[in-house]
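The structure appears right after this line, and notes come after that.
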Amino acid sequence: MSAPSRTDPLQYLTAELDTLAAQGLRRSLRVLDDEQRAKSSFDGRSVVNLSSNNYLGLTTHPRLRERAIAAVHDLGVGSGSVRTIAGTMAVHLELERRLAAFKKTEAVVVFQSGFAANAGTVSAVLTRDDVIVSDELNHASIIDGARLSRATIKVFPHRDVDAARRIVRELPTGQRKLLISDGVFSMDGDLAPLPALCALAEEYACIMMVDDAHASGVFGANGRGTIDHFQVHGRVDIQVGTLSKAIGALGGYVAGSRSLVEFLHHRARPFLFSTSHPPAVTAACLAALDVLEQEPEIIERLWSNTRFFKDGLRALGFNTGASESPITPVIVGEGALAMRLSDELFEEGVFAQGIAYPTVARDKARVRTIVTATHTREDLQFALDVFARVGRRLGII
Ligand SMILES: Cc1ncc(COP(=O)(O)O)c(C=O)c1O
């Protein structure tokens with residue numbers, strides 16, 4: 001019997017894609033032909049790569065590669081289970097111990113990704129009776145975790161501690177409150193005002209949580225993050241970090257008290273219901289921590305490249321916002337213009353991803369640049385020359 005003909009119930013998605021195309025916002029995925037490096041080939045074209053989160057070049061660092069290969073030999077390619085059943089390996093615990101020492105907290109729990117760490121933690125520690133006070137530019141994984149928790153979500157304007165205070169002081173004293181911010185904001189590269197946020201959390205007995213995804217490996221001594229950079233150790237109850245960006249591999253973690261971590265073992269859904277990391281990923285992360293501790297000059301190179309490139313973009317007259325990190329946005333306004341800038345940069349040998357609504361506000365579309373420690377001065381000067389040429393051609397500068 002032949003199947004009855006029917007209209008495609010997902011037809012409306014094609015219509016949505018057509019709308020995006022008409023707005024100049026439909027994207028196809030660029031394909032990396034080789035390794036994630038400062039200069040790579042995407043879609044068959046060799047480009048200076050300003051789009052990765054590979055801040056320190058660790059995705060291809062020989063020490064990480066060797067440890068990962070050795071782990072494949074010694075421990076296989078998968079863990080075979082979720083952590084709470086049969087998927088906790090000694091290497092997982094070793095990484096958690098090392099991360100706790102690195103972050104100067106009692107304990108750490110590793111998740112499959114930074115996204116899982118944020119969403120799994122926020123949704124586990126709060127209930128519908130609680131309130132989340134959140135910076136408007138916090139990462140999507142925080143927003144999703146907040147929604148899953150069913151707590152009331154109150155959003156304060158970006159980095160505006162006074163506005164956050166106005167929200168917090170109106171809440172009943174006995175109500176549980178989470179004050180939460182990214183440490184480094186991923187689309188703007190600016191920093192949370194952590195000392196002031198910590199003081200606010202202390203004044204009103206809030207739980208203080210920071211997502212340091214873009215700060216770990218970048219800010220603070222040996223890349224310990226913004227908590228170390230601002231010296232607010234002991235004042236942030238829940239620190240999230242990622243192993244997918246500067247650390248070069250994959251994963252996320254929560255650093256905090258022993259009881260927080262043990263509670264997450266019992267209640268964080270990605271921990272309970274999704275398989276743990278392959279041992280090679282975990283072993284690579286251990287090697288990355290060795291590199292952070294033993295080769296801090298890589299972080300210095302990242303910062304010297306950051307200063308050079310950021311100064312160059314500003315001198316050309318681009319609007320680079322308020323970035324204080326290796327993430328430098330080039331804000332152009334219209335989404336279609338950002339995509340055109342990105343495409344034309346790519347044609348001339350520079351890969352800087354265009355980012356538009358809903359990832360950023362409608363009138364704040366941009367291309368986002370991220371320099372790494374492994375870019376050479378020639379790479380960065382080449383990129384600046386291309387930005388100058390294309391920016392003038394499109395009337396942006
Ligand atoms: C601020 C922030 N938090 C969390 C994440 C998620 O990290 P991961 O890529 O490890 O899932 C990202 C990544 O895009 C991020 O930018």
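The values are calculated or read from the model by the stated rules, or taken from the named source; none is laboratory data. From a predicted model like this one, the values you see are computed outputs, not experimental measurements. Neighbour counts run over all protein chains shown; Cβ positions are idealised from the backbone, glycine included.
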Condition broken by residue 216, with the remaining ones in (1) modelled with pLDDT of 95 or more; (2) within 12 Å of the ligand (Cβ to nearest atom); (3) buried (at least 24 other Cβ atoms within 10 Å of the Cβ) satisfied: (1)
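If a residue has to be outside any loop (DSSP other than H, G, I, E, B) and among the acidic types (Asp, Glu) to count, how many in segment 149-184 make the cut?
The initial filter retains those residues of segment 149-184 that are outside any loop (DSSP other than H, G, I, E, B), namely 149, 152-156, 161-169, 177-182, 184.
Still in the list and also among the acidic types (Asp, Glu): 162, 182.
Result for segment 149-184: 2.
Condition first: more than 16 Å from the ligand (Cβ to nearest atom) and either crowded, with 24+ Cβ neighbours inside 10 Å or more than 21 Å from residue 182 (Cα to Cα) (or both). Can you find one or more residues in segment 237-246 that meet it?
In the first step, residues of segment 237-246 are kept if they are more than 16 Å from the ligand (Cβ to nearest atom); the result is 237.
Then keep just the ones that are either crowded, with 24+ Cβ neighbours inside 10 Å or more than 21 Å from residue 182 (Cα to Cα) (or both); that gives none.
There is no residue in segment 237-246 that is more than 16 Å from the ligand (Cβ to nearest atom) and either crowded, with 24+ Cβ neighbours inside 10 Å or more than 21 Å from residue 182 (Cα to Cα) (or both).
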Residue list for segment 161-184, restricted to those being within 21 Å of the chain's Cα centre (by Cα) and either away from the ligand (no atom under 14 Å from the Cβ) or touching a residue at least 60 places away in the same chain (Cβ under 8 Å) (or both): 178, 179, 184
Odd one out for residue 336 among (1) within 16 Å of the ligand (Cβ to nearest atom); (2) modelled with pLDDT under 95; (3) not aromatic (Phe, Trp, Tyr): (1)
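Tell me which residues, restricted to segment 219-236, are among the polar types (S, T, N, Q), in contact with a Phe, Trp or Tyr (Cβ under 9 Å, 6 or more places away or on another chain) and more than 16 Å from the ligand (Cβ to nearest atom). Don't jump to the end; show me each part of the working.
Applying the first criterion (among the polar types (S, T, N, Q)) to segment 219-236 yields 222, 226, 231.
Pick out the ones that are also in contact with a Phe, Trp or Tyr (Cβ under 9 Å, 6 or more places away or on another chain) and you get 222, 226.
Once the filter is applied, which keeps residues that are among the polar types (S, T, N, Q), in contact with a Phe, Trp or Tyr (Cβ under 9 Å, 6 or more places away or on another chain) and more than 16 Å from the ligand (Cβ to nearest atom), segment 219-236 yields only 222.
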Restricting segment 109-157 to residues that are away from the ligand (no atom under 11 Å from the Cβ) and among the polar types (S, T, N, Q), the residue that is surrounded by the most Cβ atoms within 10 Å (Cβ to Cβ): 121
Unique residue being free of Cβ contacts under 8 Å to residues at least 60 places away in the same chain and assigned to a helix (DSSP H, G or I) when the list is 146, 116, 68, 100: 146
Flag for residue 37 being surrounded by 17 or more Cβ atoms within 10 Å (Cβ to Cβ) and basic (Lys, Arg): yes
Out of 81, 52, sole residue that is touching a residue at least 24 places away in the same chain (Cβ under 8 Å) and within 23 Å of the chain's Cα centre (by Cα): 52
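Is it the case that residue 211 is out of contact with any helix residue (DSSP H, G or I) (no Cβ under 7 Å at 6 or more places or on another chain) and either within 12 Å of the ligand (Cβ to nearest atom) or over 26 Å from residue 124 (Cβ atoms) (or both)? Full working, then the answer.
Details: out of contact with any helix residue (DSSP H, G or I) (no Cβ under 7 Å at 6 or more places or on another chain): no; either within 12 Å of the ligand (Cβ to nearest atom) or over 26 Å from residue 124 (Cβ atoms) (or both): yes.
In short, no.
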Unique match (being within 24 Å of residue 144 (Cβ to Cβ), more than 16 Å from the ligand (Cβ to nearest atom), surrounded by fewer than 24 Cβ atoms within 10 Å (Cβ to Cβ) and at pLDDT 95 or above) among 260, 250: 260
Cβ-Cβ under 6 Å pairs, at least 6 apart or on other chains, segment 279-306 side in contact (Cβ under 8 Å) with a residue 60 or more places away in the chain and aliphatic (A, V, I, L, M), far side surrounded by fewer than 22 Cβ atoms within 10 Å (Cβ to Cβ) and not in a helix (DSSP H, G or I): 281/250
Boolean, residue 369 is among the polar types (S, T, N, Q), in a strand (DSSP E or B) and either within 15 Å of residue 51 (Cα to Cα) or touching a residue at least 12 places away in the same chain (Cβ under 8 Å) (or both): yes
